[in-house]
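Comments concern the structure below.
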Amino acid sequence: MSENKTQAFDIKKAAESKIANVDFENLAFGNIFTDHMLYCDYKDGEWGTPVICPYAPIEMDPSSRVFHYGQAIFEGMKAYKDEQDDIWLFRPDENFIRFNKSATRLAMPEVPEEVFMEGLKQLINIDKEWVRKGKGNSLYLRPFMIATGHGVIAAPSAQYRFMIILSPAKSYYTGEVKVLIAEHFSRAANGGIGAAKAAGNYSAQFYPTRLANQQGYQQVIWTDDATHTKLEEAGTMNVFFRINDTLYTAPTSERILDGVTRKSIIDLAKREGINVEVRSVLVDELLAAAKDGSLKEMFGAGTAAVVNPIVGFSYQDTYYELPKQDKPLSLEIKDKLTNIQYKLAEDTFGWTVKI
Ligand code: COI
């Protein structure tokens, strides 16, 4: 990461740390936050000085646009500690680029690279004790931006707040993941905001996901809005299918998030000599493959969830259980990916960045 600090940061440290009260072995995802947070305000067409201060509630005008029109975007990233106590980020440039693409789509200002990257670096360094060693431990990084401008007119805000908060994390999903294939609800539509990491893309999933939960499924596999015949994403993750020995995942589009874990898996699998096809998989194809036994595995991939095996899926009230694999490809890929992230294997791709 850049050593040139062109951006001054205003740093106010917490009087004492909360870390002694945290049970790092029993962390519910995204529930506990470190001692500090970062914020940087945008007004009159420019970004102010980034501030790092004790983690605390923020005060906002009730008419702030984010409350009324959901003008909000975020990123999900992780920091990992290696055996030498060095801390690493994984492809942070990808998150930075995607963040500003999301900003443009939501009519928000782009965040300067120094504020995003140097902000992450400085904040993580201040809270570095919160990054625990050992595979499976990480610090989940949540950069986000909200519209703070006053007034309920339905137009882009003139004021914004960029923030970063940090949360020690273990796994996102605990236990088996069974999914329900969407027949009616959609995550995104062409021309919409599906490719942006917009807050509204996630809240729109809550209701259909709750209905799926009530039927015993942890997530929904989203299908295309026009025909509900193409398999697109799994809940909060991109989705992969292993049919015989080929891995399939949908191409990115206006409806599908360009996941960093997704694109890393594609590159890793190809390097390992695995046949990867980036194309839409049809529901009918999946049903046929489940019936004739050629569907070997399904898994979700995302920063929070990493690689999450799916044990079965339901479609039109029929449940299809996937066969157990002696050596699941999903776990082999997860191992290879996390070995790079935790610096346990050589990073031939140049994906890891020391902070
Ligand atoms: C991530 O995987 O980081 C995400 O952004 C998904 C989130 C809903 C936890």
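Given the condition under 24 Å from D317 (Cβ atoms), assigned to a loop (DSSP other than H, G, I, E, B) and out of contact with any Gly (no Cβ under 7 Å at 6 or more places or on another chain), answer yes or no: does some residue in the range 198-211 qualify? No; the residues of the range 198-211 include none that is under 24 Å from D317 (Cβ atoms), assigned to a loop (DSSP other than H, G, I, E, B) and out of contact with any Gly (no Cβ under 7 Å at 6 or more places or on another chain). Each residue in the range 210-253 was checked for being aromatic (F, W, Y), under 14 Å from N308 (Cβ atoms) and within 16 Å of the ligand (Cβ to nearest atom), and 1 pass. Restricted to the range 33-75, and to residues that are under 28 Å from A154 (Cα atoms) and within 16 Å of the ligand (Cβ to nearest atom), which residue is nearest to the chain's Cα centre (by Cα)? Here the residue is E75. For the condition at positive phi, more than 16 Å from the ligand (Cβ to nearest atom) and touching a strand residue (DSSP E or B) at 6+ places or on another chain (Cβ under 9 Å), D85 qualifies.
Yes/no matrix, rows are residues, columns are (1) of a type in the set (K, R); (2) within 16 Å of the ligand (Cβ to nearest atom); (3) modelled with pLDDT of 95 or more:
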{"residue": "G259", "(1), (2), (3)": "no, yes, yes"}
{"residue": "R262", "(1), (2), (3)": "yes, yes, yes"}
{"residue": "I266", "(1), (2), (3)": "no, no, yes"}
{"residue": "S294", "(1), (2), (3)": "no, no, yes"}
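Condition (residue is of a type outside the set (G, A, S) and either within 20 Å of the chain's Cα centre (by Cα) or closer than 30 Å to L139 by Cα (or both)) applied to the range 283-297: is it met by at least one residue? Checking the range 283-297: at least one residue is of a type outside the set (G, A, S) and either within 20 Å of the chain's Cα centre (by Cα) or closer than 30 Å to L139 by Cα (or both).
The values are calculated or read from the model by the stated rules, or taken from the named source; none is laboratory data. If you're wondering where the values come from, they're calculated on a predicted model, not measured in any experiment. Every residue, glycine as well, gets a Cβ built from its backbone with ideal geometry; the counts of neighbours run over all protein chains shown.
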